[in-house]
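*Asks:* Pasting a structure here, questions to come.
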Amino acid sequence: MTGDPSLSALSSIRGQDRALARLSRILAGGLRSGAVLLWGPEGVGKRTTALALSRRILCAEPQEGAPCGRCLSCRTPLAAHPDFHLLEPGETQSIGIDAVRELLRGTLESSLVSPVRIALLDEVHRLTPEASNSLLKSLEEPSDNLLFFLVSPSPDRLLPTLLSRLLKVRFLPLSDGDLAAVARERRPESPPEAIERALPLSGGSAGRLLGLVDSP
């Protein structure tokens, strides 16, 4: 097993048992094409889950819900994996049609190291209307063995026609216990009292909590 966090077992994701159970049922049903929307507050594990699921699906020999870490797919960094395609806004405020078209072209050019190709679109609510329609057309004419994971805290900002095509999985705010555990794991050097002070201000978001703990 490498140090790649996407190689972690899904069981390491805290506070999202219902979401993970629903995702497991969806994938156990043989889903190999279409699109799944992971939605909920910022900083509660949606993107981390999508990355871990991608690793699990791309792995040749997953074991107990986790990628094996040894096969060719697992040894290939996700950023270089020919069957994994990531689209995120970066510093821009929106995701335009050119970026979506480039992503879709990339999925068609995959060398298929793995049996399924995966496209992960983060902050998908930032798609422009034109980009949304381009993605919608692809979903209306699905390619075999091409699975989309879409991540957003704001599904209400998606075009209704696009939203209607997605399997939706909700992620909830984290409990104080889960938040504190995440902070201890990610910031073991932080004083416990600093974590306790930040908990009421976190709004159930591990990302926000870690930012507060890191603040001087």
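Just so it is clear, none of the values below were taken in a lab; they were calculated from the coordinates. For clarity, every value in this text was computed on a predicted model and none was experimentally measured. All Cβ positions, glycine included, derive from the backbone under ideal geometry; neighbour counts span all protein chains shown.
*Asks:* Simple spin-label model, 7 Å along Cα-to-Cβ: ARG197 to ARG75 in nm?
*Replies:* 4.9 nm
*Asks:* So, one more: Taking the Cα centre of the chain as origin, sum charge times position over the Cβ atoms of Lys and Arg (+1) and Asp and Glu (-1), and report the length of that vector in debye to the nearest 20.
*Replies:* 480 debye
*Asks:* Something else: Only counting other Cβ atoms within 10 Å, I'd like ARG184, ARG47, ARG22 sorted with the fewest neighbours first.
*Replies:* ARG184, ARG22, ARG47
*Asks:* Once fully extended, how much extra length lies between SER33 and ASN145, figured as 0.36 nm per residue of separation less the alpha-carbon to alpha-carbon distance? Display every interim value, and only then the final one.
*Replies:* Numbers: separation 112, 0.36 × 112 = 40.32 nm, distance 0.51 nm.
The SER33-ASN145 span can extend by a further 39.8 nm.
*Asks:* Which one, GLY43, THR76, SER33, is farthest towards the positive end of the dipole of the stretch 1-110 when Lys and Arg carry +1 and Asp and Glu -1 on their Cβ?
*Replies:* SER33
*Asks:* Another question, then. Return the loop-located GluC sites (Glu not before Pro) in the stretch 78-164 (DSSP other than H, G, I, E, B) with at most 15 other Cβ atoms within 10 Å of their own Cβ; answer none if there are none.
*Replies:* GLU91, GLU109
*Asks:* Quick one: HIS125, HIS81, fewest Cβ neighbours within 10 Å first, how do they rank?
*Replies:* So the residues, fewest neighbours to most, are HIS125, HIS81.
*Asks:* Cα centroids of the stretch 182-216 and the stretch 38-84: how far apart, whole angstrom?
*Replies:* If we compute the Cα centre of each part, the gap is 26 Å.
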